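The structure under discussion appears below in the form of structure tokens.
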Amino acid sequence: MTKLYQRSFLLVAILFCIQSAIAQNVPTPKDHFGFNIGDDYQLANYTQTEAYFKKLAETSKRVKLVDIGKTEEGRSQYMLIITSPENQKNLARYKEISQKLAHAEGLTPEQAKALAAEGKAVVWIDGGLHANEVVGAHQLIQMAYNLSSKTDAETNKILDNVIVLMTHANPDGQELVSDWYMREKDPKKRSTNGLPRLYEKYAGHDNNRDFFMLNLRETQNIGRQLFVEWIPQIMYNHHQAGPAGTVVAGPPYRDPYNYVFDPIVLTTIDAVGAAMHNRMNVESKPGYTQRGGSVFSTWYNGGLRTTTYFHNMIGLLTEIVGNPTPSDIPLVPSRLLPNGDSPNPILPQKWYFKNSIDYSVSLNYAVLNYAQRYHDELLYNIYQMGKNSIDRGSKDTWSFSPKKIDAINAAAQSGRPATTTTQGGGGFEGRGAMSVKYLDTVMKNPVNRDARGYILSADQPDFTTAIRFLNALIRTGIQVQKATAAFTVAGKNYPAGSYAVKTDQAFRPHVLDMFEPQDHPNDFKYEGGPPIAPYDAAGWTLAYLMNVKFDRIQDKFDGPFEKLPYGELLKATPKALPSGSGYVLSSYANESYLAVNELLKVGAEVYRNAADGSFYVPASGKAKSILDKAEHGFGMRIVSGSKPAKAVKIAPSRIAIWDTYGGSMDSGWIRFIMEQYHFDATVIYAPDIDKGSLKDKYDVIVFVDGSIPSYSANGITAGGGRGGFGTPALESIPEEYRARVGRMSQDKSIPQLKAFLEAGGEIVAIGTATNLAAHLNLPVRNAMVELIAGVEKRLPAEKYYVPGSVLNVAVDKTQPANWGMDKTADVYFDNSPVFKLSADAVSSGKIKPLAWFANSTPLRSGWAWGQSYLQDGVAAFEADYGKGKLFAFGPEITFRSQTHGTFKWMFNQLYK
């Protein structure tokens, strides 16, 4: 044996010993939890998981544990940074490289290539966002162990070239769900069904719809890491369950995709998806489906996966089957024939939790292996996409959309003949093609140019809500600029303190998506057939939903602007109170309601001006102590004034919010809003309502979508109250939750609501809670019907279909219920109730329309097929009933705590 060979052998032996020591020192999941991840009938809770993550950080030099913030229930939310020990020493530099390349500011392609060669790919892998989808959190545990301890060649290459951010997305939920499942001593009786409350304190499943708004603490923690701190090139979001007859649905996804994306996003999703799908086939793991094999598209913004697309990241979602209780892959014959979406179908068989964990780990490795092989390409591509965005925002740019394609076709129709040949003689290239002039009439028309930016003037009526909107942008990594002095753009003067959001920045797609209307294509199964439902919303333009006033600037502009640091939120700026005998707070500002609630709590007097709904507060020590607070001073206008002639003293109402066993997301969001604006409210359930004497306890009750059952002629229908996944036997429910069990019923609950109204109570009904109008026998009918053989029938979806979109309604500003609203309002509408009111009831004043569709084209953003049917339909009304009132709002006026522009429709009804 030569000396060189001996030295090589010794070196290999030393490395083997070191690697073996690493593997031996890192505790296995079974060492810690007492079972293997994937064992039948076993789940780990978050307390146990947190302790295990800490052990991994203590025993493996590959692991750094980072507390990224507190959850809504006060737990620490952890992110594991896993990479080679050498890379761990240089994390700050690699984070800096990732940020620089993502922002693409001031970098030449050569500089970007050098940084890409120096940097490491950053890949995000999360789990547990939807806590009842238990595979997610548990694959995270297993994968963290594998990367912390394994010493095979593939793992080592990954650790050398990739920084893996492994993040628990919902600690509170894992604690609830796992404890709920494991509470049964008999494993065969264990189930994740029948949870007593939402697995995220306010939002439940909607926590995956909060990623452009970032209302919740957990989503804020995640958003900061994704959009400000690390800006990974790939993020992988684990969910379940896959479509029946498959194991997992993954990338690439079905159309439509959002037109603001850079095309590199889509082609890289294809590439990574191919790597994932191919690995499943190589490892003989059948049952992967893609594209049209599932419902998932890339249109929507707001999901943990989908918001990343608007930031030039490669967002991945898989939906996998699996549960600790063994289940079955069912027989679905249509899934058995191989096709382009599902080339390797799976046969019906028994399915175990371990199968799902193994699939998930393999999928993770497929993603990480792709990232290590193409780490420099991924880093350079995110730069290229950012540079493309900056370039597009720096010049005149025209973006295509379905409406613009329709405009091109319309131009051609009006200017026939529209065909031309571009070749002399009988060439085929141009035969039957339209003349390019029709393209130019639309796509070179200055009116149709993309915006260069948006200006939010500091003198708008509800500047505080504009600040909340800007903070939502800042939290998602958007560059915002502040005017340090007054300035003029396009002939309009703006005061100092106004803000500009320009589109010449890397995350331009997200900027456009928050300010511009979404133009969802008409999407039908076949011509004349039923519509294909969007994955989530079709339209969501946040500036519209929040009623933010902005100017859309199409030419290059500048001013005395300072760029605010990325991720630095706008903070309250204390302002001196005006002198005088009293203060006036505008009803247009949502923040006024917050201040009024604080004033009322300390016993200060507050009045409403019956002429316009503004608040008058007599000057006093108590009033000054509240209004001097910085939290009320970052834009809310407080002016001096005297007591109005038509002043009505107000007091806080005793507020109740309906909820149900298992938790209503709509109700949870209202709880969140009430807390944000400092309204005190009590949560009540069907059994509380059925006990009666409601007026003795409450002045106003808020009912949300899904709470009130449809009216039945036989009077015994029950069913109001969505939530949970089935209610378990009462005796198996912990005592603290038993009083919540029950549904709103026509025979027991509705009589108590009638008595509440007759005694002077008020009810705010939102969405399908407006079913109450039928129970009260009010002269109100469904407006979205057609006459067939003299009988009213609901309009079919082939004629009328409006999935979640933004529509515009006219508003009667003279009504107290509408104080602080503009003469029109943008509302979130999801096939929501629309009403036709009795003319006699309106003329008598017993029913007052509050908002209605004033024209045949109310669509502002999204998709509204057959929107002309909405014209003259009533969107909201107020009705007298006994001594009380019903306020009925068809649109989702509090939707996901995003619709700040319509919060006042609830707020105005919460005082007496």
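A few notes on this one:
- Distance violations [Cα-Cα > 26 Å] among K754/K912; K695/K846; K848/K883; K95/K285; K64/K113: K95/K285; K64/K113
- The stretch between R183 and D391, if pulled fully straight at 0.36 nm per residue, gains 69.1 nm over its current Cα-Cα span.
- For L850, the residues whose modelled amide H falls within less than 5 Å of its own, excluding neighbours fewer than 5 places apart on the same chain, are A876, F877, E878.
- Cleavage-rule hits (trypsin sites (Lys or Arg not before Pro)) in the stretch 636-703: DSSP loop, at most 15 neighbouring Cβ within 10 angstrom: K646, K691, K697
- Stretched out straight at 0.36 nm per residue, the stretch from D628 to S399 would grow longer than its current Cα-Cα span by 77.7 nm.
- Phi angles of the stretch 654-663 translate, via the Karplus equation with coefficients 6.51, -1.76, 1.60 and θ = phi - 60°, into HN-Hα couplings of 7, 9, 10, 10, 5, 8, 9, 4, x, x Hz per residue; Gly and Pro are given as x.
- Positive-end residue of M821, Q746, T727, charge dipole of the chain with Cβ unit charges: M821
- Exposed chymotrypsin sites (Phe, Trp or Tyr not before Pro) absent: longest stretch of the chain, with sites in DSSP loops and at most 10 other Cβ within 10 Å deemed exposed: 1-427
- Annotation: for a label point projected 7 angstrom from Cα along Cα→Cβ of E792, residues of the stretch 813-847 with backbone N closer than 15 Å are 833-842.
- The modelled label-to-label distance for the pair D747/S284, using points 7 Å beyond Cα in the direction of Cβ, is 5.9 nm.
- Approximate spin-label separation E154-R93, in nm, with each point projected 7 Å along Cα-to-Cβ: 3.0
- Summarised in one figure, the compactness ratio Rg/Rh of the chain, Cα atoms and Kirkwood Rh, is 0.98.
- Placing a label point 7 Å from the Cα of K912 along the Cα-to-Cβ direction, the residues of the stretch 679-703 with a backbone N closer than 13 Å are 694-701.
- Between the alpha-carbon centres of the stretch 665-704 and the stretch 753-823 there is a gap of 21 Å.
- Here the ratio of the Cα radius of gyration of the stretch 449-563 to 2.2 N^0.38 Å is 1.25.
- Only aspartates and glutamates eight or more places from K643 in sequence, or on another chain, were considered; those with a Cα closer than 18 Å are E605, D612.
- Distant-in-sequence amide H partners of Y583 (H built 1.01 Å from N, under 5 Å): V617, A619, G641
- Inverting the pair-averaged 1/r between distinct Cα atoms of the stretch 582-649 gives 11.7 Å as its Kirkwood hydrodynamic radius.
- A121 long-range amide H proximity, modeled H, under 5 Å: I163
- The stretch 582-649 - percent relative contact order, Cα under 8 Å, separation 6 or more: 46
- The label point for D40 and the one for V648, both projected 7 Å from the Cα toward the Cβ, are 6.6 nm apart.
- Coupling constants for the stretch 758-763 follow from the phi torsions by the Karplus curve (6.51 cos²θ - 1.76 cosθ + 1.60, θ = phi - 60°), and in residue order they are 4, 7, x, x, 10, 10 Hz; glycine and proline get x.
- Exceeding the 18 Å Cα-Cα cut-off - candidates K836/K904; K575/K624; K30/K354: K836/K904
- Where GluC sites (Glu not before Pro) fall in DSSP loop in the stretch 33-74, at most 15 other Cβ within 10 Å: E73
Readers should treat all values here as calculations from the given coordinates under stated rules, not as data from a laboratory. Just so it is clear, the structure is predicted and the values come from calculations on it, not from any experiment. Heads up, the Cβs are rebuilt from the backbone with ideal geometry, glycines too, and the neighbour counts pull from every protein chain shown.
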